[in-house]
Structures are given as C-alpha cells and as structure tokens.
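Below: one structure, written as structure tokens.
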Amino acid sequence: MYGQDAVWCPMNGQVLDFPGGKVAFTPEMRFISGSPVERAHCYRVLDENGQLTMSSKFKQVSEEIAVKMYSDMVTLQTMDAVFYEAQRQGRISFYATTVGEEAINIASAAALTIDDPVFPQYREPGVLLWRGFTLQEFASQCFGNKDDYGKGRQMPIHYGSNKHNYFTVAATIATQIPHAVGAAYSLKMDGKKACVITYFGDGGTSEGDFHAALNFAAVMEVPVIFFCRNNGWAISTPTSDQFRSDGVVVRGSAYGIRSIRVDGNDALAIYTAVNAAREMAISEQRPILIEALTYRVGHHSTSDDSTKYRPVDEIEWWSSARDPVARFRKWIESNGWWCSEDESELRKSARKQMLHAIQVAEKAEKPQVAELFTDVYNVPPSNLCEQEKLLRETMRRHPQDYPPDVPV
Amino acid sequence: MTVREALNSALDEEMSADSKVFLMGEEVGEYQGAYKISKGLLEKYGPERVLDTPITEAGFTGIGVGAAYYGLKPVVEFMTFNFAMQAIDHIINSAAKTNYMSAGQISVPIVFRGPNGAAAGVGAQHSQCYAAWYGSCPGLKVLAPYSSEDARGLLKAAVRDPDPVVFLENELLYGESFPVSAEALDSSFCIPIGKAKIEREGKDVTITAFSKMVGSALKAAEILAKEGISAEIINLRSIRPLDRATINASVRKTNRLVTVEEGFPQHGVGAEICISVIEEIFEYLDAPVERIAGADVPMPYAANLERMALPQVEDIVRAAKRTSYQISLNGFQLLSLIKHIFEVRLRI
C-alpha cells in the first residue's frame, strides 16, 4: 500500500511499505556489489560435439523442422559468402555477414510464427530466410533494382517485407527497440495472440533507446522479446569497453523483466528459450530479455578489417571449435536425419541458386525516376510534383549528364 | 471557445471516431496534461488510450512511432517542444523517413504535438521555436495553428492524415478565446493541410505570420490602417507544405512583403518565404523583403530582455512602413528624375 508509514514488525525488524512492496530496514551498512561473485549462468542443450548435455531440458524438434533449420543455416552461410564476394568484386556497395550467428538467426525464427512482427537490427537476415524470403528477393535488395521492396532506397542488407511481417531495417542503432515496444502495445490493444521480437547487439545496449524501451515495456506490460546478440564486438569496441555489468542479461532484472542467458551457438537452446519466451510474453503479457553469448566471426561489415584489432586465433577458435552450424549438423546426423550426401547436395544447390540470383538481380532494371519522389508522403505535395517536373525537363535537355541506366 | 477547448474537443472527437487513435505522454492522464489539453479524456477513454508515460521523450516517442508502424494512430504530447529535442531522432530518422525507406510498406500515421516557441519568463531552454527545424525535413508535415478554429480543424486533419505531423501549439494562446463558426464546431470539420488563410485582406503590403505572431500581425494591421497603409495578413497555418501559391498571389497584388516569426532569423521560415518569392515572382517586388524574427540569442529570462528578444507589434508596423516608404521614395526619386530631365531639356 502506497503512502503508509513504516510499521514495526517485531520478528523482522522495521519494514517500510514502499511503492513496489515491503522494504526491510537493516542496521548493517552494506553496498550492493557491482560485480557478482558468479556470473549469470548460460543455458545450453548441445555441447561442442553436438551431443545433448546431461539432464538438459529442451523443446523437442521434429525431423522436418530440424532439417529445415539446418538447411537454412547452410543457405545463410552460402548467401553471406556469395554476397561478400560480390561486394569485394565491386558489384554491390556494402555487405555484412552473419557468420557465427547462424543459429541465433534461424533457431529464434523457427520458434516464432509469421504473426510475430520482427524489428531487426541488420544481422538477422536468417529470420527473413526462415519466413520464406527468397534468395532472389535478397539479391534484388542488395542490388537495389526495380524488384527491391525498398525501391533501391537503402544500402544493401536493409531488408524489409510486409508480407513476412519483417520491419524494414533502420541504419540508426537501437531505434528498433522502442519501436518494437510500440508495436507490442498495438498487439496488446488488439488482443492478438502474438508477440514482437526485436534484435540488437551488445553495442546497441549502450544507447538510451535500449534502456527506455526496457523500462517502458515493463511498465506497459507488453508482449515483446528483446533478443541481444552479445557477439563481443561493436565494430572494434570490445564489450569490456562497452559495459562493466555482467553482460546484458542482468540489466533485465533491474527493469523488472524476466531474463535468460543462452549459448548463442546452440540452436536447440535458442529454439527452446525463444519458444518459452514467446509463450510467457503472450500468455502473461510481459516483456522477456534474452542474451545470447556468441561471437561475430566475420568483420563488422565490408567497411571493416577486424584483424586490425583482435587476435586471429580468437576468430579462428570461434569459427572452428564453436561453429554453431557444425554443432547442429552433428546433432541431426546423430539422429539419423542427415548424411554427407545430403550435405554436398544442399551446399551445391544453395550456391547455384545464389549465383543465379545475383546474376538476375544485376541485370534487372533499376528503379524508375518517378520512384525518387514517391512515398515521401502518402500523396505528393505540389512542391514535390514541381521538382519531378523540373528534373524530367532537365534530363530531357541534358541527357548526357544523367546515368543511362535510370528508366525515365 | 478557447484554443485549449478547441484542441481538447478535437482530440475527443477523433478518439471517439477512431478506436486506433490514442494519446500518450507525460502527465496526459491523471494530471489531464501539463496544460490541461487532455482534460476529461482519461475518464472517457481509459488508461489504455490515454497513456501516462515514464519520463523519457526518446522512449515514448520511439514507442509511439512503433505503434504507428503497426497500425495504431498515436498522438504524442510533449510537455513542450523543447523537450522533444531528446526525441528528434525518432521524429526525423524514424517517423519522417520510414515510409520512404520502406518504399511505402510502413506508413507512420502519428501526431507529435505540444506547445512550441516562447511562453513567458521561462528562459532559454523552454522558449524556442522549432518551426524551421521540422519545416526543413521531407516526410514531415508541420502545422502551427493560431485561432481556435485553426486548432480544431488542423488537429483533426493531423490525426486523420496518413503521414507524420508535427503540430506546434503555443502556450500563451491556450487561454485565448476566439469566435468559432457553427461549421467549425461540427465533428466533421477539417482544415486542409498545406493551405494558408488570409486573415485580413489588404492591398499595400503582405505580412506572413504563424501561431501567436498572427495576432501581433493583425494588431499591426490595425495601426497601419490608421496611417493609410492597407496590410494583408496571411496566417500560414501550414509550415510544411508551405502554401507558396497564396503567398505569391498576395505579393503579386501588394508588391511588398514582411515575414514575421518568433524563431531565430538564420535559416528561418521567413528566409524560406523570402527566397521562394524571389525565385518565383521577383519582378513583382517593389521593395526589399523585410524579415521580422526573434533576436539571434538564446532567450533571456528577465522580462525586459525577453521582450527585446521577441518581435513586437511596433517592429511589424515599422517594417511594413519601411517597405511602403521605400517605394514612395523611389517614386519621388523617379519624379524628380523626370523633372530634372525636363528641366535640362527646357534649358537646351
């Protein structure tokens, strides 16, 4: 009860009724430690050899789902490899891979439904892939052609698709986190049986938006999953320069949010945790925070060379000993759901499809001049119509000054 | 009807007409708004649609934008637009650009509203006009009502609009009463976005103003009328889109222009109107454009200094006279020149 004075409880010493509950008084002056004796534990199902760890509880996955999860992880790897090469050849301007975080991408997506809106950062294209976004659709965006759902308006990897309930990637760090809370509020108002998921990195948790979003979500009691990919590096900034807390998971309890730390390279642990988080978020109308411990095996983006600031053997160890794709493969193989013939067939076909997709995307027409002016507003105001008219007249008079590949 | 009642009734009617519309901000519910704009709404629509938020402008603005992405129509109240600085990333980078960047996949039907510009005696961090800031950003619509009719019609239009709207109110106008037509009291009433209003017709000089400065311009017009100068007062209503057609038509008639705003002069609304007139109808101008704006200093607190920093009615009167005087002087010069030529010829 708010506003009551302190009451004397002989058994427990003095207790103060304070907003949020009873607070006990203590004669001992003790500061709460800033660093725990033991770090928060990390939930894991599969060990490095793809074997179930003893007594691990997890949500069973059917053969069909497990094989699709694995196939999508391999397709994601292939897509990254081909786009990365294409960028190096100067065919696209920019790219960022998800290498090392394939399990986070695919397993979290597998635990959700298409009704759950996704507010991504930019290292989660696997969620779109899981939802059926085709390699051709990815390629159209990266090449910014007329088939790109973004009409060529954003840098490569800034995907977005209404059909897949996947909100367009914003280049601003962490703005998607409060947006996810707003969308979750919309779900709550409509009484929908769905939850929002938003992804971000360890660096993003330093932004004010992260803190505001967690606080608001707790107060507004909305169904949202905050998924932090703690991959150790924000471009060149290690987490030791980013925060001094025990990672991100401990921030949740400070905001009154139920939280869990999972092994980000263990697809089964991620699948199980997201599945449970979704269930709680929807049935109890509450936010959940998940921190996945992982590693950004690739460079931050094609504008970065991470060997300049981190040891190569660190990268090597994470990409080999802790590879999430190889670990999951071992598990499905031990179940008899996968064999080496399946493997070579999948990799061959994924690469073939990917190469085809970029060839088609590269040849496709670029967006038309008119698309420069549409969607600024729902209906273009007169000054935009005048600008377009002026541009068209100028292009007609000075065609040599304009790129030939822009359809008028 | 006061401007406060006009805003309150507009919100009430739009919330009643569309269950997707909801109000959020600091103190909008239990406290009924820092300036009582949301009076009675919590009781009528409940805490789900009149949402008291924690204190983080960046937080609730981001959350409002996210709710708009996913089908709701939020009205985000800022206690003052000065505090919206913290949230400008979400207003510009998120709200204004997302429809374009998503190629029309994500529309952002949201209204950001609250008092803007100088109040009285609240110092630099509470007294600043953001019309030029938001007015320079494509993707936003920026409205600034003056009267109760403006407040009702423009706020209703803003809530119904599919694009993000920045709605700049003025604290000192909230308590002011204006007559309101029967038409404007109808719940279907709406004022088109992007259209200015001729508040007073005139033939000698055009004066553009918005928000509280419309009142000052009207007072200046009274004084000018007594001195034989007929001023046409344009209430801009919409900063973006700017109604260039109405401004141009007026200047073609009066051949003289004075712009008035409370904001800083550099890169201001007046600067934009001036260049727009020069670009489009330069040949109609008989005198240089006069720009009346706030002083180029952070707002001082002391009442005497604050008065000096804000445009006053007398400043507008003097500017209007200067433009009129220049043309009569030029006429004089022209006459004496002709006379001189004649005299020279006569001597020959």
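The values are calculated or read from the model by the stated rules, or taken from the named source; none is laboratory data. It should be emphasised that the depicted structure is a prediction, and the values quoted were computed from it without experimental measurement. Here the Cβ is made from the backbone with ideal geometry for all residues, glycine too, and neighbour counts use every protein chain on show.
Annotations
- Of all residues in segment B:136-158, those that are within 14 Å of chain A (Cβ to nearest Cβ) and touching a strand residue (DSSP E or B) at 6+ places or on another chain (Cβ under 7 Å) total 5.
- Filtering B:Lys20, B:Lys36 for residues that are within 14 Å of chain A (Cβ to nearest Cβ) and among the basic types (Lys, Arg) leaves a single hit, B:Lys20.
- Considering only residues in segment B:40-71 that are charged (D, E, K, R) and facing chain A (nearest Cβ under 10 Å), the one that is surrounded by the most Cβ atoms within 10 Å (Cβ to Cβ) turns out to be B:Glu57.
- Flag for A:Val312 being surrounded by fewer than 16 Cβ atoms within 10 Å (Cβ to Cβ) and not assigned by TED's automatic domain parsing to the domain that holds A:Gly152: no
- Test: residue in segment A:16-36 that is of a type in the set (D, E, K, R), over 21 Å from A:Ser108 (Cα atoms) and not in a loop (DSSP other than H, G, I, E, B): yes
- Exactly one residue out of B:Pro145, B:Pro162 is in a loop (DSSP other than H, G, I, E, B), at pLDDT 95 or above and either farther than 21 Å from B:Asp18 by Cα or basic (Lys, Arg) (or both), and it is B:Pro145.
- In segment A:107-120, of all residues being away from chain B (no Cβ under 14 Å) and under 10 Å from the mean Cα position of the chain (by Cα), the one that is surrounded by the most Cβ atoms within 10 Å (Cβ to Cβ) corresponds to A:Ser108.
- Residue ranges of strands (runs of 3 or more DSSP E) in segment B:175-254 with at least 3 members within 24 Å of B:Ser9 (Cβ to Cβ) and not aliphatic (A, V, I, L, M): none
- Among residues of segment A:138-152 that are farther than 16 Å from A:Thr97 by Cα, those with a Cβ under 7 angstrom from a residue that is hydroxyl-bearing (Ser, Thr, Tyr), sequence gap 6+ or separate chain, pair up as A:Asp147/A:Ser140; A:Asp148/A:Ser140; A:Tyr149/A:Ser161; A:Gly150/A:Thr168; A:Gly150/B:Ser102.
- Any hit, segment B:144-152, residues being surrounded by 24 or more Cβ atoms within 10 Å (Cβ to Cβ), within 20 Å of the chain's Cα centre (by Cα) and closer than 28 Å to A:Ser186 by Cα: yes
- The set of residues from segment A:362-385 being within 10 Å of chain B (Cβ to nearest Cβ), surrounded by 14 or more Cβ atoms within 10 Å (Cβ to Cβ), of a type outside the set (A, V, I, L, M) and assigned to a helix (DSSP H, G or I) comprises A:Glu371, A:Asn383.
- Among the candidates B:Glu30, B:Glu77, the residue that is more than 22 Å from B:Gln128 (Cα to Cα) and acidic (Asp, Glu) is uniquely B:Glu30.
- Some residue of segment A:335-357 being in contact with a helix residue (DSSP H, G or I) (Cβ under 9 Å, 6 or more places away or on another chain), more than 26 Å from A:Ala103 (Cβ to Cβ) and in a helix (DSSP H, G or I): yes
- From B:Glu222, B:Glu283, B:Glu261, B:Glu279, residue being without any contact (Cβ under 8 Å) to a residue 12 or more places away in the chain, closer than 25 Å to B:Trp133 by Cβ and acidic (Asp, Glu): B:Glu279
- Extreme residue, farthest from A:His300 (Cα to Cα), among residues of segment A:199-216 that are facing chain B (nearest Cβ under 9 Å) and crowded, with 24+ Cβ neighbours inside 10 Å: A:Phe216
Residues checked against (1) surrounded by 18 or more Cβ atoms within 10 Å (Cβ to Cβ); (2) among the hydrophobic types (A, V, I, L, M, F, W, C); (3) touching a residue at least 12 places away in the same chain (Cβ under 8 Å):
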site: A:Val37; (1), (2), (3): no, yes, no
site: A:Cys42; (1), (2), (3): no, yes, yes
site: A:Gly50; (1), (2), (3): yes, no, yes
site: A:Ser55; (1), (2), (3): no, no, no
site: A:Ile65; (1), (2), (3): no, yes, yes
site: A:Met69; (1), (2), (3): yes, yes, yes
site: A:Met73; (1), (2), (3): yes, yes, yes
site: A:Val82; (1), (2), (3): yes, yes, yes
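- Pairs with Cβ under 9 Å, 6+ apart, first in segment A:217-244 and away from chain B (no Cβ under 14 Å) and in a strand (DSSP E or B), second acidic (Asp, Glu) and surrounded by fewer than 20 Cβ atoms within 10 Å (Cβ to Cβ): A:Ala234/A:Asp241
- Condition met for B:Ile37 (assigned by TED's automatic domain parsing to the domain that holds B:Gly135, at pLDDT below 95 and in a loop (DSSP other than H, G, I, E, B)): no
- Selection status of B:Gln86, part of a helix (DSSP H, G or I), more than 10 Å from chain A (Cβ to nearest Cβ), under 23 Å from the mean Cα position of the chain (by Cα) and not hydrophobic (A, V, I, L, M, F, W, C): no
- Conditions (1) farther than 30 Å from A:Ile270 by Cβ; (2) not in a helix (DSSP H, G or I): number failed by A:His300: (1)
- Whichever residue in segment B:94-135 is away from every other protein chain (no Cβ under 14 Å) and assigned to a helix (DSSP H, G or I) and, among such residues, is nearest to the chain's Cα centre (by Cα): B:Ala131
- Of all residues making up segment A:137-169, the number that are of a type in the set (Ser, Thr, Tyr) and more than 9 Å from every other protein chain (Cβ to nearest Cβ): 3
- Residues located in segment A:170-190, provided they are more than 7 Å from every other protein chain (Cβ to nearest Cβ) and surrounded by fewer than 23 Cβ atoms within 10 Å (Cβ to Cβ): A:Ala171, A:Ile173, A:Lys188, A:Asp190
- The set of residues from segment A:124-134 being within 16 Å of A:Ala96 (Cα to Cα) and assigned to a helix (DSSP H, G or I) comprises A:Pro125, A:Gly126, A:Val127, A:Leu128, A:Leu129.
- Number of the condition not met by B:His267 [criteria: (1) buried (at least 19 other Cβ atoms within 10 Å of the Cβ); (2) under 18 Å from the mean Cα position of the chain (by Cα); (3) more than 14 Å from every other protein chain (Cβ to nearest Cβ)]: (1)
- Residue match in segment A:264-282 (condition: among the aromatic types (Phe, Trp, Tyr) and more than 19 Å from the chain's Cα centre (by Cα)): no
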